[in-house]
Amino acid sequence: MPTVPPEICDYVIDYLHNDKNTLKACSLTCRDWVPTSRYHLHYEVYLHKPELFTAFKRLLQASPLLGPYIRALRIGRLEKASRAELAQIREALPTIFEYVPRLQYLGGSLLSTAAKVLNTVPCRTPVTALCLQYCEFPALENLARLLYSCPNLQALELCGVSWISGSCDSLPPTFDAPALQRLVLGRDVDHSSIIDLLLRGGHHHRLHSLAVTMSSEADAYALSVLMENIGETLAELDLEWHPIRPGLNGG
């Protein structure tokens, strides 16, 4: 009986990357198909309910070989979580990060208590891309500490990120300051404070891709300061102008 070369099998399984049911069947077909099937099945995990954090932690502890397959972790929609549930999340997250040594992407969305959840991220996570959408921090310093917990960070995307206190007098202790290569600043973000933070930390020297949505003259001025300091490394620039009009956007 002829044997199909393993590289052809891998190619076929790669083609099925969006078909979860077929991937599950492939993972049960033979031992040689397990790694490629798991690569696509477990590439991304989305935790959007408090009970999922504890369940996912237990799964990783019971099957630690699954952890290295996970490259993207999304956390969101926890605005209705109780204090007890937030405590469970904070207890589970550090363990989860221990079992995902190849994590590349970390996303947070709709987190009104972002700091209470994301401040459990370990000091030296391998994350290279951080995306935050409509997350609220008690202070800008909390966001800064999250950035510094990702020394390998290359891409940062912020949209609808806010903080109650803008105090950030001293940058967090750093092992290696992240050197960003791509920066995306969307709407509903204090561009001036973010850019000042990046300039003070020296995170801008390797930027080659920049996308900014401006809503005010203050945003435009902050961008001009950043542009003056980037130098010749910038290769991609995408600018949008969406001014706040009276009666819209809370104005």
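Structure notes:
- Cα gyration tensor shape for region 107-251, rounded if a/c is under 1.5, else prolate or oblate: oblate
- Where chymotrypsin sites (Phe, Trp or Tyr not before Pro) fall in DSSP loop in region 114-178, at most 15 other Cβ within 10 Å: Phe175
- Per-residue extension of 0.36 nm, minus the Cα-Cα distance of Asn152 and Ser224, leaves a gain of 23.3 nm for this segment.
- Computing FRET efficiency as 1/(1 + (r/R0)^6) for Asn18 and Arg102, where r is the C-beta to C-beta distance and R0 is 22 Å, gives about 0.55.
- The rule of thumb for compact globular proteins, 2.2 N^0.38 Å, goes into the C-alpha radius of gyration of the chain 1.15 times.
- Selected from Ser170, Ala114, Pro126, residue furthest toward positive end of dipole (region 106-244; charges at beta carbon): Pro126
- Across the chain, the relative contact order, built from alpha-carbon pairs under 8 Å that are at least six residues apart, equals 10 percent.
- Size of electric dipole in the chain: Cβ of Lys, Arg +1 and of Asp, Glu -1, about Cα centre, debye, nearest 20: 1040 debye
- Here Leu52 and Glu217 are evaluated by their C-beta separation; at R0 = 35 Å the FRET efficiency comes out at 0.20.
- For Gly108, distant residues with modelled amide H under 5 Å away: Ile75, Cys131, Leu132, Gln133
- In this structure region 23-77 gives 57 Å² per residue of accessible area when probed at 1.4 Å with all protein chains present.
- Long-range amide H partners of Asn152 with built H, under 5 Å: none
- In this structure the amide hydrogen of Leu237, modeled in the peptide plane, comes within under 5 Å of the amide hydrogens of Leu210, none closer than 5 places in sequence on its chain.
- Inter-part distance where region 207-234 and region 69-134 are each reduced to a Cα centre, Å: 28 Å
The values are calculated or read from the model by the stated rules, or taken from the named source; none is laboratory data. Note that the structure is predicted; figures quoted are calculated from it, not measured. Here Cβ is always computed from backbone atoms with ideal geometry, including for glycine, and neighbour counts include all displayed protein chains. Side chains included, ligands, DNA and RNA excluded: accessible areas come from the protein's heavy atoms. Shrake-Rupley method; radii C 1.70, N 1.55, O 1.52, S 1.80 Å.
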